[in-house]
1. Over 27 Å apart: what share of the alpha carbon pairs of the stretch 6-148 falls there, rounded to a whole percent?
2. Calculate the length of the line joining the C-alpha centroid of the stretch 54-69 to that of the stretch 96-150, in whole Å.
3. Per-residue counts of other Cβ atoms within 10 Å, averaged by peptide: what ranking do you get for 52-58, 33-39, highest first?
4. Against the longest principal axis of the chain, how steep is helix 59-68, in degrees 0 to 90 to the nearest 10, with axes from Cα atoms?
5. Which one, V87, V111, I12, projects farthest toward the positive side of the charge dipole computed for the chain from Cβ point charges (K/R +1, D/E -1)?
6. Given contacts defined as C-alpha pairs under 8 Å and at least six residues apart, what's the relative contact order of the chain, whole-number percent?
7. Tell me the label-point distance for the pair A51, K64, using the 7 Å Cα-to-Cβ offset, in nm and rounded to one decimal.
8. What residues of the stretch 125-150 lie in the reach of a label at T94, counting those whose backbone N is under 18 Å from a point 7 Å from the Cα along Cα→Cβ?
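Values quoted throughout were computed directly from the atomic coordinates according to the rules given, and no laboratory measurement underlies them. Because the structure is predicted, anything quoted here is derived from the model rather than measured. Counting neighbours? That spans all protein chains shown, and the Cβs are built from the backbone with ideal geometry, glycine included.
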Amino acid sequence: MTDLTDLEKIRILYDMEAIKKVKREYWWCVDEKRMDDLVNCFTEDAVADYAIDMLLEGRDAIIKFLKDTVASEELDAIPIHQGFDPVIEITGETTAIARWRLYNYMFFQKVKTTIIMWSVYHDEYSKVNGEWKIKTTKIRHMSTETTTMT
């Protein structure tokens, strides 16, 4: 392995923090149902695999899916995403991969149903015009619990 200069180490740390920031913004946008802001988290050609037997191809398809589910007035969801323990690897000047743990609490008010999930995200990132964006995101649920109140 080639020794890195101090400047290269600083750039890598800066890039890792920028990746943490975009993932954090992704979760906040989903939780606050800010779909217009969520667009800024993804590359135009992003792909999402939310473990629902459907591959979402393109930023617009991902945003539409999230609008129709998490941000749906019909479902009246209260989502709380708690992502932590990132493992980030900068793989090139404009590429990176990361793995995140997730605790996700979702309460669907109109149907009085709670879903609690422990999951792992596997993401790829691209730096576009100097900003890190999610290129692919793939979630795998380790544990899911659904409860409906009567």
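1. Distances greater than 27 Å cover 20 percent of the Cα pairs.
2. 14 Å
3. 33-39, 52-58
4. The helix 59-68 is inclined about 30 degrees to the chain.
5. Final value for the positive-end residue is V111.
6. Across the chain, relative contact order equals 22 percent.
7. 2.5 nm
8. It comes to 125-136, nothing else.
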